[in-house]
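Read the figures in this text as sums done on the coordinates, not as results from a lab. Please read these numbers as outputs of a predicted model, since none were measured by experiment.
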Amino acid sequence: MGISKRDEGKKVSSAINVTPMVDVMLVLLIIFMVITPMLNNKVNVDLPIAVAAVVMEDANKEDSTVVAVTRDGKTFLGGDQVQIDDLGAKITARMEANKQGSKSVFLRADSRSNYGKVMDTVDAIRSAGVSSLVMLTEKKDQ
């Protein structure tokens, strides 16, 4: 009977296998690529559909001023809910803080929202001294 000697220590490789790490990183990259566009629109509204819609890239910028009116008549400045009475003052303060940015305000109104609530919001935006009000829509596919 002989004693068998194991040579397992010689088979150990000190090289790091990075394939599983690359797989995990690619999955995370895909997840972030899918989720990031959803984070820009902080308030979910169903925009009206228009044939002559123009793509507005400035609406997706970080420093853009976006006002949203939901179906139930709530008004949001960015992601924060505001009262109609306070909207003009908050827009004025945001415009003064962002002097180098655009003077445009982007309005995202739900297609099923009350027309009177949308007009009250437009009136509050105009009372803030906004030079340009852009109403956002979805482009109709033909």
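When only Cα pairs under 8 Å and 6 or more residues apart are kept, what is the percent relative contact order across the chain?
After rounding, I find 28 percent.
When the chain is modelled as a GNM with alpha-carbon springs shorter than 10 Å, which of 67, 105, 27 fluctuates the most?
27
Near residue 74, which aspartates and glutamates are there with a Cα under 19 Å away, not counting those fewer than 8 places off in the same chain?
Correct list for residue 74: 46, 85, 86, 110, 120, 123.
At q = 0.15, 0.18, 0.24 Å⁻¹, work out log10 I(q)/I(0) for segment 39-110 with the Debye formula, treating every Cα as an identical point scatterer and leaving solvent out; two decimals please.
-0.52, -0.74, -1.21
What is the antiparallel percent of DSSP beta bridges lying wholly in the chain, to the nearest 5?
Approximately 35 percent, going by the DSSP bridge assignments.
Rounded to two decimals, what is the ratio between the C-alpha radius of gyration of the chain and 2.2 N^0.38 Å?
1.82
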